[in-house]
Each structure stands twice: as C-alpha cells, then as structure tokens.
Amino acid sequence: MDWTYRLRLRHLQVLMSIAQTGNLSQSARALYSTQPALSKWLKELEADIGLPLFERHARGLRPTPHGEMLIGHARRITGHLDSARDDMHALLGGGSGRVVIGASGAAVTGVVPLAVMRLIEKLPHVQARLVESAMDQLMPQFLQGELDIVVGRTMPAAEPAGSDQGGWHTEMLYRDPIHFVTGLKHPLARRRAIGWDDLFAYPWIVWPKGTPIRNAVEAALAAAGYSLPRHCVELNSTLLNLTLLANSTLIGVASHRTAAHFAHLKLLRVLPMTLDSFGEVSMYWRADENRRAVTLALDCLRAAANENQ
C-alpha cells in the first residue's frame with residue numbers, strides 16, 4: 001500500500017513538531033504521546049518511504065533534505081486546512097470568506113490598504129487579515145500556506161509577470177524609483193541640492209541584507225562608485241523607520257509611493273538626490289487558488305496599483 005494512505009493529520013503534526021524541537025521526548029510531551037511510540041512510528045515511516053527523514057545527532061534530530069521536503073509539504077497541507085477551517089467559520093457567521101495578505105513596507109502604505117478598502121466595499125462581510133514584514137520573511141510563510149497573497153518588492157528569483165513558478169503566480173503591479181528621505185528637522189531637509197558627501201556625513205537606515213530594496217540600493221551605489229556606509233541601522237519596520245527618522249539625523253531610503261505618502265502627511269522629507277535605481281512591486285498567489293475572496297482581492301490590488309500612481 002502507498003505509504004501516504006497511512007498518513008493522518010496527526011502524523012503531519014508529529015513531523016512538524018520533531019522538526020521544531022529536534023527532540024522526540026519534547027515532541028511526545030507536547031503531543032500527549034510517549035517517546036518510544038514516536039520513535040517506533042518514525043522508524044516505520046522511514047522504512048515505508050525508503051529514505052531517512054532525520055539525522056540522529058548527540059544534540060537531537062535534524063531533518064535530512066528528504067525530511068525537509070516532506071515537512072514542507074506537511075506545513076502547506078496544514079496551512080490549507082487552517083484556511084478551510086477559517087473560511088467555514090467565516091461563512092458560518094454570515095461572512096464572505098477570508099483572505100490573508102502579507103505586505104512589505106513598499107506596499108503597506110498605499111496599494112494594500114486601498115485594495116482592502118475596495119475589497120470590503122465589494123464583500124462587506126469578508127474577513128481580511130494583513131501581515132506586515134520583509135519579503136524574506138513573508139515568502140516562507142506564503143510557501144507554507146500561511147498567507148494567501150504576498151505584495152512587496154519583486155524577488156530576485158521571480159520570473160516574468162504572470163508566470164507559474166512551481167505552484168504559484170507572480171504579477172508585477174508597478175515600478176517605482178527609490179529616494180533618500182529624512183525627518184523634517186534633519187540638517188539636509190531644507191537643502192535644495194545635495195551631493196554624495198552630504199549623504200555620507202550622516203548615518204543611514206537600511207533594510208535587511210537580501211531584501212529587494214536593499215539589493216536595489218546597493219546596486220545603485222555600486223554603479224555610482226560607492227558602497228553602503230560601514231555602520232548602518234538595519235531594520236525591516238516602516239513604523240520604526242519613521243520614528244527613527246523623526247528623532248535623529250539618520251538618512252533612510254524609500255520607494256517613490258511610500259516616500260510621497262509620508263511626505264504628504266508631513267512625516268518625512270524627500271531629499272533632492274537622484275538614486276539611479278528602481279524597485280518593482282509584485283503580488284504572489286498560489287496557482288490553484290480559486291476562492292472568491294482571494295480572487296477578488298487580486299483584482300482590487302490591480303485596481304489600487306493603477307489608482308495610486
């Protein structure tokens with residue numbers, strides 16, 4: 001018999017627990033089982049599959065590449081079941097379904113809020129949940145089924161718009177230039193012209209290494225013959241960015257739409273310095289997604305991107 005027929009939801013939870021704790025005894029306690037029972041089950045599963053799922057070390061268990069693959073499937077399956085549960089709960093309460101949108105700092109100030117407002121107008125009882133983080137944190141959650149849609153900087157490995165990448169779609173929403181920004185009281189805030197020496201006279205705030213906006217800034221600096229200052233404040237929170245800029249002489253970077261939004265609210269100043277770099281903002285969703293709330297949310301994101309130019 002195919003070994004998958006013997007797997008149950010609890011077995012997927014066991015796999016994820018062992019991967020998290022690296023310890024059979026801890027997982028047994030968490031799952032109200034015993035260490036011998038989990039050990040026996042794991043050995044039988046590995047024998048059925050014909051591949052080792054965990055390496056045994058002095059400090060515990062570590063997933064093998066085969067184990068990582070199966071655990072990834074387990075996370076996606078349980079994520080889909082969680083979505084099904086939440087959708088049924090929303091419908092039971094008279095709602096119109098549920099959609100979870102992950103947004104990076106590039107999208108959280110404009111396109112995503114506008115899209116959610118449009119979605120609520122069309123589906124007044126929809127349950128919409130927003131998660132803000134950096135793309136390097138959002139994409140793993142998306143791949144594990146925890147997020148329905150992700151909106152943010154186009155990831156380096158992304159294919160052309162509309163392509164199917166191993167089970168998900170990506171579509172570019174817009175392309176924005178990147179600006180240097182400061183707080184309103186910064187010494188450079190009132191200057192009509194500045195140069196590189198002026199910028200490097202102050203400390204910078206940068207997004208985490210590996211994020212699309214960080215890559216774009218580093219590429220633009222390299223093209224101009226420069227590199228990032230040696231000592232930078234690194235963070236991935238729009239709110240912390242604003243707070244630090246307002247209360248220090250730090251210099252930050254932001255996409256055009258984000259910078260224009262906060263400049264309009266008089267929360268920061270866009271410096272008159274051209275950074276030869278652009279950032280693309282894309283949305284990602286699963287290829288097999290057909291729930292009405294998610295499909296309509298995608299349409300609302302497209303409309304909001306066109307409106308918020």
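The values are calculated or read from the model by the stated rules, or taken from the named source; none is laboratory data. Worth saying up front: this structure is predicted, and the values here are computed from it rather than measured. When we count neighbours, we look across all protein chains shown, and the Cβ atoms used for this are built from the backbone with ideal geometry, even at glycine. Only protein heavy atoms, including side chains, enter the accessible area calculation; ligands, DNA and RNA are left aside. Shrake-Rupley method; radii C 1.70, N 1.55, O 1.52, S 1.80 Å.
Of note:
- Among the residues of the stretch 113-134, the ones that are open to solvent by less than 50 Å² (accessible area, probe 1.4 Å) and in a loop (DSSP other than H, G, I, E, B) come to 4 in all.
- Qualifying residue in the stretch 3-15 (condition: touching a helix residue (DSSP H, G or I) at 6+ places or on another chain (Cβ under 9 Å), more than 30 Å from Ala287 (Cα to Cα) and open to solvent by less than 90 Å² (accessible area, probe 1.4 Å)): no
- The combined condition, being of a type outside the set (Phe, Trp, Tyr), modelled with pLDDT of 85 or more and either open to solvent by 70 Å² or more (accessible area, probe 1.4 Å) or within 26 Å of Leu271 (Cα to Cα) (or both), is not fulfilled by Gly166.
- Residue within the stretch 276-285 that is in a helix (DSSP H, G or I) and within 26 Å of Val150 (Cα to Cα) present: no
- Across the stretch 195-232, the qualifying residues are those that are at pLDDT 85 or above and open to solvent by less than 20 Å² (accessible area, probe 1.4 Å), and the one among them that is farthest from Thr249 (Cα to Cα) is Ala220.
- Contacts under 7 angstrom Cβ, first residue in the stretch 175-204 being closer than 9 Å to Met273 by Cβ, partner at pLDDT 95 or above and in a loop (DSSP other than H, G, I, E, B), 6 or more apart: Ile194/Leu188; Asp198/Leu188
- Hits in the stretch 263-309 - residues which are surrounded by fewer than 22 Cβ atoms within 10 Å (Cβ to Cβ), hydroxyl-bearing (Ser, Thr, Tyr) and in contact with a Phe, Trp or Tyr (Cβ under 7 Å, 6 or more places away or on another chain): none
- Each residue in the stretch 26-82 was checked for being part of a loop (DSSP other than H, G, I, E, B), in contact (Cβ under 8 Å) with a residue 24 or more places away in the chain and under 15 Å from Leu12 (Cα atoms), and 1 pass.
- Just one of (1) within 30 Å of Ile77 (Cβ to Cβ); (2) within 19 Å of the chain's Cα centre (by Cα) fails for Asn290. It is (2).
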